[in-house]
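Step one of this worksheet: look at the structure below.
Every number here is computed from the coordinates shown, using simple stated rules; none is lab data. Computed from a predicted structure; not experimentally measured. Note that we place each Cβ from the backbone using ideal geometry, even for glycine, and neighbour counts take in every protein chain shown.
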Amino acid sequence: MKSCGDSLLVECPEPFGRRLFDSDLPAPRLHKGDWVVDGCDISTARGFVERYHYARGASNTATYLHGLFPAGYHWAAELMGVAWWLPPTKNAAKSLVGDDWRGVLSLSRLCVSPEAPRNSCSFMLARSVRGIDRSKWHTLVTYADGWRGHAGTIYLASGWQYDGETSPERTYTLNGRMLARKAGKRTRTHQEMIDLGCVVEGRFSKHRFVKRL
């Protein structure tokens with residue numbers, strides 16, 4: 001199990017791509033010239049997130065989808081990290097910027113393989129942010145999940161601003177995967193979530209972090 005700056009948890013020891021390091025030795029620090037952050041197709045990213053992110057799933061769409069790859073990579077299976085961006089809900093965006101809410105973009109998933117070098121998350125996050133169109137998106141937001149004990153250290157280290165805690169909300173899981181109440185343009189009721197077979201893990205707050213572009 002590997003923590004990535006307290007912002008996510010990698011829970012699966014099985015590598016998704018090629019094996020890079022001796023697992024009995026500490027991972028070396030990332031050398032920038034050895035890695036690139038590039039666009040990633042959604043099916044490959046989804047498989048990676050299902051394997052390595054504690055939520056075990058992601059949205060059916062993405063506004064930006066960036067992957068961490070070894071420099072000179074040839075195959076999608078060499079993917080070693082994912083940054084997945086989506087617009088937040090309207091209410092979440094309006095709570096940040098009011099009527100200019102359409103310019104808010106949310107980092108929905110950020111995870112790396114246990115095989116990735118140290119500092120991979122911060123490297124991937126910085127380059128992923130560079131790839132966002134600043135003429136369209138003026139504010140970035142992300143959350144560190146209190147349910148998992150995350151504090152968002154990587155975001156603070158990457159220049160994001162802490163913006164307090166959200167109100168506690170129910171967290172649902174279905175067959176070991178987190179399931180959001182939001183489904184397309186509507187939000188499921190609590191009873192609908194229960195009828196789907198979801199388990200309520202409890203009520204938890206999230207730490208919110210914001211970056212102005």
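At a glance:
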{"read-out": "Paramagnetic reach from Gln161 in the stretch 78-99 [backbone N under 15 Å; point 7 Å along Cα→Cβ]", "value": "95-98"}
{"read-out": "Dipole moment magnitude, nearest 20 debye, the chain about Cα centre, only Lys, Arg, Asp, Glu C-beta charged", "value": "620 debye"}
{"read-out": "Nonlocal Lys pairs with alpha-carbon distance under 17 Å, the chain (8 or more apart, or different chains)", "value": "9"}
{"read-out": "Furthest towards positive pole of dipole, Thr61, Cys40, Tyr73, structure part the chain, Cβ charges", "value": "Thr61"}
{"read-out": "Label point distance in nm, Trp75-Ser43, each placed 7 Å from Cα along Cα→Cβ", "value": "1.6 nm"}
{"read-out": "Spacing of the two label points (7 Å from each Cα toward its C-beta) at Arg118 and Ala151, in nm", "value": "1.8 nm"}
{"read-out": "Computed E for Thr173/Arg212 - FRET, C-beta separation, R0 30 angstrom, nearest 0.05", "value": "0.35"}
{"read-out": "Mean Cβ count within 10 Å, highest first, over the residues of peptides 108-114, 88-94", "value": "108-114, 88-94"}
{"read-out": "R0 of 25 Å, Cβ-Cβ distance His138-Ala180: FRET efficiency to nearest 0.05", "value": "0.50"}
